[in-house]
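Structure, as structure tokens:
Where a number appears in this text, it was derived from the coordinates with a stated rule and is not lab data. Keep in mind that this is a model prediction, so the values were computed, not measured. Here Cβ is always computed from backbone atoms with ideal geometry, including for glycine, and neighbour counts include all displayed protein chains.
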Amino acid sequence: MALERTFSIIKPDATRRNITGKVLSYIEGAGLRVIAQKRIHMSKAQAEGFYAVHKERPFFGELVEFMISGPVVVQVLEGENAIAKYREVMGATNPANAAQGTIRKDLAESIEANTVHGSDAPETAAQEIAYFFKDDEIVG
Ligand code: RTP
Ligand code: MG
């Protein structure tokens, strides 16, 4: 099986509570490897561009405000079946619906402040990685 890459964000609710290491333990515990990582504070334009696919949704404005409310940790994760595996470890968008043992079940605060983002398909993973990282910042 080939290695796959996915893009992850540890969201502002996690940096605010100082639990980024706890989130990382779920990621590494699932066999995913962090091959790039940086802590940033997104600009409004950067967050709007990242979530452009959601711009007609009613929660878009609040989502952007939340994502710029504090620092985030952006990451590239690598592993077998990394995209689907990370979505599984994250759990459902709404923590109330997330399975036991997932990041969102155990750590998320709400449907919006849900601790992590993970790409949903190979095309979006490639786009999202390129949105935040240069090739030479990724060490596989
Ligand atoms: P993500 O993109 O962050 O990995 O999460 P996802 O695929 O599970 O969820 P998605 O539908 O792509 O929504 C993106 C993010 O928007 C916020 N959200 N708020 N208030 C609401 O009803 C609502 N719905 C979604 C969440 O932060 C979600 O992760
Ligand atoms: Mg999504």
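The table below gives the values:
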item	result
Sequence ranges 70-82, 3-15, 128-140, ranked by mean other-Cβ count within 10 angstrom, highest first	3-15, 70-82, 128-140
Rounded FRET efficiency, nearest 0.05, which uses the C-beta distance separating Lys38 from Ile111 and R0 of 25 Å	0.40
Summed side-chain charge close to Ile35 - residues other than Ile35 whose Cβ falls under 9 Å, Lys, Arg +1, Asp, Glu -1	+1
Net charge, Pro71 excluded, C-beta distance under 9 Å - Lys, Arg +1, Asp, Glu -1	+2
Per-residue [θ]222 nm for the chain (sum of -39500 (n - 2.57) over DSSP H runs n ≥ 4, rounded to 500)	-10500 deg cm²/dmol
The range 11-58 and the range 94-118: distance between their alpha carbon centers, rounded to Å	13 Å
Inter-label distance, nm, simple model (7 Å from Cα along the C-beta direction), Arg16/Asn94	2.1 nm
Relative contact order computed over the chain (Cα-Cα under 8 Å; 6+ residues apart), in percent	37 percent
Gyration tensor (alpha-carbon) shape descriptor, the range 70-118, a/c threshold 1.5	oblate
Proximal lysines relative to Lys22, as straight alpha-carbon distance under 20 Å, when same-chain residues fewer than 8 apart are discounted	Lys11, Lys38, Lys85, Lys105
